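Below you'll find the structure, written out as structure tokens, and then a few comments.
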Amino acid sequence: MADPWMRQRGPRVPRTDEPVTDAEHFQKCSCRATTHRLLACLVRERMVRQRSSDRHYFPGPLLFELSLANPVYEDFQAAARAPVERLYRSFGTMAALFLRSGCESVCTVRAG
């Protein structure tokens with residue numbers, strides 16, 4: 001009986017002594033459907049976008065929003081913190097700095 005861990009789903013790629021390129025493997029297995037499902041999920045979550053003109057994918061707005069947690073933005077957020085705090089103290093209500101991300105805005109600094 002074959003080892004259950006060795007079973008594969010979909011067509012098997014025959015073993016040869018010659019190396020198989022990624023493109024050849026991609027065409028012989030069911031990777032296309034999996035790749036499409038992954039990309040569809042990433043589009044739905046706004047991680048990637050697809051151009052309608054050529055159907056190529058590129059980074060989506062959520063990547064920008066997530067990048068605000070990157071230490072590169074710490075200097076920007078630190079520089080903006082004092083003016084936002086001053087606005088909060090002057091008006092006695094919440095003050096915030098938002099950056100635009102497509103049709104949405106992302107809060108980068110908040111006081112109050």
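See the values below:
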quantity	calculated
Condition met for Glu74 (within 25 Å of the chain's Cα centre (by Cα) and either without any contact (Cβ under 8 Å) to a residue 60 or more places away in the chain or closer than 19 Å to Arg46 by Cα (or both))	yes
Condition met for Val20 (assigned to a loop (DSSP other than H, G, I, E, B), surrounded by 10 or more Cβ atoms within 10 Å (Cβ to Cβ) and either modelled with pLDDT under 60 or out of contact with any Ser or Thr (no Cβ under 6 Å at 6 or more places or on another chain) (or both))	yes
Whichever residue in region 81-112 is of a type outside the set (Phe, Trp, Tyr) and in contact with a Ser or Thr (Cβ under 7 Å, 6 or more places away or on another chain) and, among such residues, is surrounded by the most Cβ atoms within 10 Å (Cβ to Cβ)	Leu97
Evaluation of Glu85 against (1) assigned to a helix (DSSP H, G or I); (2) modelled with pLDDT under 70 (one fails), failing number	(2)
Selection from region 23-71 of residues that are of a type in the set (S, T, N, Q) and modelled with pLDDT under 85	Gln27, Ser30, Thr34, Thr35, Ser67, Asn70
Residue that is surrounded by the most Cβ atoms within 10 Å (Cβ to Cβ), among those in region 57-77 that are under 20 Å from Leu38 (Cα atoms) and among the aliphatic types (A, V, I, L, M)	Leu62
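The values are calculated or read from the model by the stated rules, or taken from the named source; none is laboratory data. Just so it is clear, the model here is predicted, and its values are computed rather than measured. Because the Cβ atoms are built from the backbone with ideal geometry, glycine has one as well, and the counts that use them run over all protein chains shown.
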